[in-house]
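Take a look at the structure set out below.
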Amino acid sequence: MCGRYSLGVTPEELAAAFELDEIPSFHAPRYNIAPTQDAPILIRGEDGLRAGPVRWGLVPHWAESPAAGSRHINARSETVAKRPAFRDAFRSRRCLVPADGFYEWQEGPSPKQPVWIHREDRRLLAFAGLWERWRWPDGGPLVTFTVLTTDAAPWIRFVHDRMPVILEGDDRLLWLDPEATPAELKSVLRPQSEPMVLQPVSTVVNRATNESAECVRPVGAPVTSPKPELRLDL
DNA sequence: CCAGACGTTGTT
DNA sequence: GTCTGG
DNA sequence: CCAGACGTTGTT
DNA sequence: GTCTGG
């Protein structure tokens, strides 16, 4: 799943990578984006992509309080079209969530080992996301987002059994297209098959308030899937 | 009809 | 807001 | 995701 | 154990 990620670029680099109309304003670089924090998302604007910082953890419009956001940091792509908390946003408020990596805590003996997952060439990722608007009692808006998840691809499965949906190329445009059909949308919600670097990192990242580059400091060499012939315990 | 839930991950 | 369960 | 709280009365 | 906050 995806409960922590990074966006280690400047607003200028983000704008260039996604051909944005304007340079977005957000505090950067980010090495430890955690739920309830603000992070930039990309939505389809008048003519092109626009970015705005919104809060991670989708709060349904009917929720009593923003606390509901903590339970909606992810949406399962298998059920997102039907769930009351997500279906409206799935129909009309899809977005991309830019990142340059994400964290998974490797299942197994305690303490769990955080692993930073990023592309070899550091190209930016675009998670499939949804956004929503909630109103404070005084009428002010709170805009929030969630990240869609899917089954883990084979290359990451030994670390974790879920992963964020990562969109490439035309799939990004389709995801943002208001005219896209449910069947088309469903077709892009699949595991990223291209392997990435699985880099064990410092447990500094565990604490959400630690936001320094220490979070992506390598601890040992990147990990790889155990070879089948070595899995004698199965 | 009203009341209560509405979510994911992981763990068991 | 909308659906499910009682 | 992990970390930290989980409670009240009364006093400062 | 479970919920909330970051």
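Derivation of every value follows stated rules applied to the coordinates shown; laboratory data play no part. Just so we're clear, the structure is a prediction, and the values are computed from it rather than from any experiment. So basically every Cβ, Gly included, is an ideal-geometry build from the backbone, and we count neighbours across all protein chains shown.
Below is a table of values for the structure above.
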| quantity | calculated |
| --- | --- |
| Calculated FRET efficiency for the pair A:T181/A:A28, C-beta based, R₀ 45 Å, to 0.05 | 0.80 |
| Equivalent-ellipsoid semi-axes of chain A, from the Cα gyration tensor, Å, largest first | 28, 20, 19 |
| Full-extension gain in nm, A:R123 to A:R157, via 0.36 nm per residue minus C-alpha separation | 10.1 nm |
| Most mobile of A:V201, A:V115, A:V219 in a GNM of chain A (Cα contacts under 10 Å) | A:V219 |
| By average C-beta atoms within 10 angstrom, highest first, the peptides A:205-217, A:87-99, A:165-177 | A:87-99, A:165-177, A:205-217 |
| Set of the stretch A:181-208 residues, backbone N closer than 12 Å to the point 7 Å along the Cα-Cβ line of A:L173 | none |
| Selected from A:G3, A:T209, A:S70, residue furthest toward positive end of dipole (chain A; charges at beta carbon) | A:S70 |
| GluC sites (Glu not before Pro) restricted to the stretch A:43-130 and DSSP loop, no more than 11 other C-beta within 10 Å | A:E46, A:E64, A:E107, A:E120 |
| Spin-label model distance (nm) - A:W136 vs A:A17, 7 Å beyond Cα toward Cβ | 3.1 |
| Top of A:G108, A:G57, A:G69 by mean-square fluctuation, Gaussian network on chain A, Cα under 10 Å | A:G108 |
| Packing-based exposure ordering (other Cβ within 10 Å, fewest first) of A:M196, A:M163 | A:M196, A:M163 |
| Difference of contour (0.36 nm per residue) and Cα-Cα distance, A:R83 to A:A67 | 3.9 nm |
| Length added when fully stretched, A:S110-A:R91, from 0.36 nm per residue minus Cα-Cα | 2.8 nm |
| Charge sum, other residues only, whose C-beta stays under 12 Å from A:W62's C-beta, Lys/Arg counted +1 and Asp/Glu -1 | -1 |
| Ellipsoid equivalent to the stretch A:144-234 - semi-axes via the Cα gyration tensor, in Å | 30, 21, 11 |
| Per-selection Rg to Rh, the stretch A:77-130 - Cα, Kirkwood hydrodynamic radius | 1.12 |
